[in-house]
1. With charges set only on the Cβ (+1 for Lys and Arg, -1 for Asp and Glu), what does the dipole of the chain come to about its Cα centre, in debye to the nearest 20?
2. How many nm separate the modelled label positions at Val74 and Arg155, each set 7 Å beyond the Cα in the direction of the Cβ?
3. Could you rank the peptides 127-136, 91-100 by their average count of other C-beta atoms within 10 Å per residue, with the highest value first?
4. What size of dipole, in debye to the nearest 20, comes out for region 86-134 about its Cα centre when the only charges are +1 on Lys and Arg C-beta atoms and -1 on Asp and Glu C-beta atoms?
5. Once you place label points 7 Å from the Cα toward the Cβ at Thr23 and Thr145, how far apart are they in nm?
6. Per DSSP H run of n ≥ 4, the term is -39500 (n - 2.57); total these for the chain, divide by its residue number, and report the mean residue ellipticity at 222 nm rounded to 500 deg cm²/dmol.
7. Using r as the Cβ-Cβ distance of Leu56 and Gln123, and R0 as 25 Å, what FRET efficiency do you calculate, to the nearest 0.05?
8. Using only alpha carbon pairs under 8 Å that are at least six residues apart, calculate the relative contact order of the chain and give it in whole percent.
Amino acid sequence: MTTPTYATVTWDQLHRDARALATTLAPMGPWQGIVAITRGGMIPAAIIARELECRLVETISVATYDEEARGEPVVLKSASAAGDGSGFLIVDDLVDRGATARLVRALLPKAHFACLYAKPAGQNVADTFVAEVAQDVWVLFPWDTAPLFVPPIGRKIA
């Protein structure tokens, strides 16, 4: 078994990327509302909603991961306010294999699916994304990590 490769996204980077996504999405609007895929899509959706001046933010809750183990996606809460998705923007943090995205797209077939990051196996499900991430990389988002004190290099030498 190989050791996973990790990429850490900071709060600053996440905010920059969410604003970049909003910049791309703005000319496609106006948007009637946003559907955030919980939990990862909630913070990007809030940033994008602010930037696009969109007040209607709905959520859809889909469980796919248990820690780092993947399973089949299950809808825990639907996005009833979005109807068939007409005029709505679906927002998530990352599309990996695309299982969650395909399920949500089937429920909201007329919505536009946007995410911050996309892996090759899921890119074809996203309508818009900011950056590609290698398939074998596990992305650590700011809510997955905690800042820790790191001693100065000089202390390690002494």
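1. So the magnitude is around 180 debye.
2. Placing both labels 7 Å beyond Cα along the Cβ direction yields 4.4 nm.
3. Per-residue mean Cβ counts within 10 Å order the peptides as 91-100, 127-136.
4. Charge dipole of region 86-134: 200 debye, to the nearest 20.
5. 2.3 nm
6. That calculation yields -7000 deg cm²/dmol at 222 nm.
7. Working: r = 28 Å, r/R0 = 1.11.
The formula returns an efficiency of 0.35 here.
8. Value for the chain: 24 percent.
The values are calculated or read from the model by the stated rules, or taken from the named source; none is laboratory data. Since we're looking at a predicted model, the values are computed, not measured. Note that each Cβ is placed from the backbone with ideal geometry, even for glycine, and that neighbours are counted across all protein chains shown. Each accessible area value is taken on the protein alone, full model and side chains, heavy atoms only, with ligands, DNA and RNA left out. Shrake-Rupley method; radii C 1.70, N 1.55, O 1.52, S 1.80 Å.
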